[in-house]
Amino acid sequence: MLSLQNKSIISIRDLKKEEIELILDKAEEMENKLKKKEPLYSLKNKILASLFFEPSTKTRLSFSAAMQKLGGSVIEIEYSTTVKNLVDKIKMIENYCDVILLRHPREGSARLAAEISKKPVINAGDGSNQHPTQTLIDLFTIRKLKGKIENLNVSLVGDLKYNAVMKSLFYALGIFKANITLASPPELQMSWENIEEVRDKFGVKIFQTNNIASAIEEADVLYVCGIKKENFLDVFEAEKIQKNFRITLDLLENAKEDLIILHPLPKEIEIDSKIDETKFAKYYEQANFGLPVRMAILSLVCE
Amino acid sequence: MSEQRIVTNIENGTVIDHIPAGKGKKIFEILKLDEHDGRTVLLINTFSKKLGRKDVIKVENKEIGEKEINKIALFAPNATISIIRNWEVAEKRKVELPEVIENVASCPNKNCITNSEEMAKSKFVVEKKDPLKLRCWYCEKVFGIEEIM
């Protein structure tokens, strides 16, 4: 029987389609329970250790809320920028908890933690590598709002080079055989290795452009992420790229009627705030799905 | 001058031939031959009909096993391994690229956890054989062999 019990969630690359569907179905169940305000105690006496070596509001708080909604409790380390000796920290903290949530700036940190820990590890972002739980929220949102993921035209817009959310989602969209458009400034393109891997493994159609308008035209889903100035040596150049690579109302004139726009939040300037009020904006709904999806993950891993 | 006239033959041990010139030192390190008790020779930049220039390693009183041989595949995929017993070539062993390569070269991604945690050992999974592409097991980035070397 398919089970994620005691399994670490490190990378979308590790998950089979059936396992992703199991999480999405469980999230559906959790959402219904939340709506009915059913009291939930399935993780009573279970402890989540939340280890964040980088600032995060949404991921940290939503996991914390998810654990408490399921009757469990949360222990945290004080936010620390000292990223050294991860092994020692994991070896110590695993004794106090049932599951570890880890956000760390070094790529591969979550996989290393999972290998040395007796307790399952959930990757809450490892540098620019992976952010699998955000991807599960994204997939849940698309499935919920569009009824399916297969064969949808999904455009990923923004920083496709450094952003872990985009890399995880790109791979997952391959698993679900969506038609993918990658739109980014030339400096921030998805790596050729990633494109080749997804194309060859899943046989999906991938279209690459640096023109936002062409990424919007046929899209059913427009997934936008910000461009960080820190990734550029020249701040002026970064600001120029940010301004040029922005979703504005006039760009949506030729969009499909039922287009949905998603964003991992919080936004900066990449989406014109006037779009928040339109029927296209679904990012607040997407953020709302963070709770049932993370409850589903904790529940399947810890129960 | 031929190689035979520079270095004497060995009675028992291993000869690793057809190593691309300049890679012999790396293979010497990977196989930790500096820790070996017997006589060991690293011949650099010797003449080769096949390669133009090549490196050769001769190790006395040590038969290099399959696991060790495969470690060198990354740097010398066409190397030939001869096991010598009683001055004769008793066995020829082939270098084969393993699916997983551990602890041979460090990850070129400076931000990979294997470059900052002492306990973490480097590990690459062969993604593609021709041209050779390796994916770091930890940071999941893909590298060509020239980036890793």
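The values are calculated or read from the model by the stated rules, or taken from the named source; none is laboratory data. Fair warning: this is a prediction, and the values are worked out from it, not measured in the lab. Note that we place each Cβ from the backbone using ideal geometry, even for glycine, and neighbour counts take in every protein chain shown.
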Being of a type in the set (Lys, Arg) and within 20 Å of the chain's Cα centre (by Cα) narrows A:Lys84, A:Lys35, A:Lys7 down to just A:Lys7
Return the residues of segment A:102-147 that are touching a residue at least 12 places away in the same chain (Cβ under 8 Å), assigned to a loop (DSSP other than H, G, I, E, B) and more than 14 Å from chain B (Cβ to nearest Cβ); say none if nothing qualifies. A:Lys118, A:Lys119, A:Pro120
Hey, could you check segment A:166-207 for residues that are within 30 Å of B:Ile145 (Cβ to Cβ) and β-branched (Val, Ile, Thr) and say which is nearest to the chain's Cα centre (by Cα)? A:Ile175
For segment A:52-91 the number of residues that are in a strand (DSSP E or B) and within 14 Å of chain B (Cβ to nearest Cβ) is 0
Is it the case that B:Ala76 is assigned to a loop (DSSP other than H, G, I, E, B), among the small types (Gly, Ala, Ser) and in contact (Cβ under 8 Å) with a residue 60 or more places away in the chain? yes
Could you please find all residues in segment A:195-228 being part of a helix (DSSP H, G or I) and closer than 19 Å to A:Lys167 by Cα? A:Ile195, A:Glu196, A:Glu197, A:Val198, A:Arg199, A:Asp200, A:Lys201, A:Phe202, A:Ile212, A:Ala215
For A:Val99, all conditions in the list (1) exposed (fewer than 15 other Cβ atoms within 10 Å of the Cβ); (2) at pLDDT 95 or above; (3) not polar (S, T, N, Q) hold save one; what is the number of the exception? (1)
For segment A:177-194: of the residues being surrounded by fewer than 21 Cβ atoms within 10 Å (Cβ to Cβ) and assigned to a loop (DSSP other than H, G, I, E, B), which is nearest to the other protein chains (Cβ to nearest Cβ)? A:Ser191
Among the residues of segment B:45-73, what is the count of those that are of a type in the set (Gly, Ala, Ser), farther than 19 Å from B:Asn9 by Cβ and not in a helix (DSSP H, G or I)? 2
Of residues in segment B:111-131 being outside any loop (DSSP other than H, G, I, E, B) and out of contact with any strand residue (DSSP E or B) (no Cβ under 7 Å at 6 or more places or on another chain), the one farthest from the other protein chains (Cβ to nearest Cβ): B:Lys129
